[in-house]
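A short write-up of the structure that comes next.
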Amino acid sequence: MRQAVSAALGFRPEGVRTNGADLVRPTPDAEAQSPGSNSGPVRPQTWTHKWPTEASVPRLARLHARTRLGMMAWSGDRETAVRVITEAVRNAVQHAGTGTVELTLIVDEHDLLHIDVTDPRPGNEFLDQALTGRTGTGLWLVRQLGGAVRWLPATSGNGKTIQILMRPMVSGPTPPIVEAP
């Protein structure tokens, strides 16, 4: 069972060791640093995965997101980001029909988290209403949890991409907890 879960998440099976080199992308500056110097995580970092539109995809996206955000060393509220990612993917699966859903996570050099969810269904005026909370609750909830949301046609020419930007939280008041309906 562990090997099946490991394979589904893209991990090595238990007992297989890695030196971690596959987790970060080396930069030209990395070679110039002295050994043992720790200047922080390599930025930007990108991860992308595609799934067929099935009911299990939001759960898989949640598992991948939780793991990847930790590996990317994003300093923001990871649980809120995982909730945002899960809602955006769930929304895509519910409304896309058949095809694939693609999730891309990018942590840029300013520690901003970029979340792209692409599905095969084209955008329309109902999507604009969903972003403002006039219809549906998924994308409205994403905004309430701190995601700056917009949509645009997919770069492939088929479908749309929901783009979400999340900033790491600075010290201050705790945002309210918003429960999904």
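The values are calculated or read from the model by the stated rules, or taken from the named source; none is laboratory data. As the structure is a computational prediction, the values presented were derived from the model and not from experiment. Only protein heavy atoms, including side chains, enter the accessible area calculation; ligands, DNA and RNA are left aside. Shrake-Rupley method; radii C 1.70, N 1.55, O 1.52, S 1.80 Å.
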Query raised in the report: With every protein chain left in place, what is the accessible area of Leu145 in Å² (1.4 Å probe, nearest 10)?
Result: 30
Report summary line: Taking Asp116, Asp128 and ranking on accessible area (1.4 Å, protein atoms only), highest first, one gets Asp128, Asp116
**Report entry** Under the Karplus curve 6.51 cos²θ - 1.76 cosθ + 1.60, θ = phi - 60°, whole-Hz ³J(HN,Hα) for segment 81-95, x wherever Gly or Pro sits
**Finding:** 4, 4, 5, 4, 4, 4, 5, 5, 5, 4, 4, 5, 5, 5, 10
Query - Sequence of Glu87, Glu102 from largest to smallest accessible area, 1.4 Å probe - result: Glu102, Glu87
Report summary line: Ranking His49, His110 from most to least accessible area with a 1.4 Å probe gives His110, His49
Requested in this report: Subtract the Cα-Cα distance of Phe126 and Arg167 from 0.36 nm times their separation in residues, and report this length gain in nm to one decimal.
Outcome: 12.1 nm
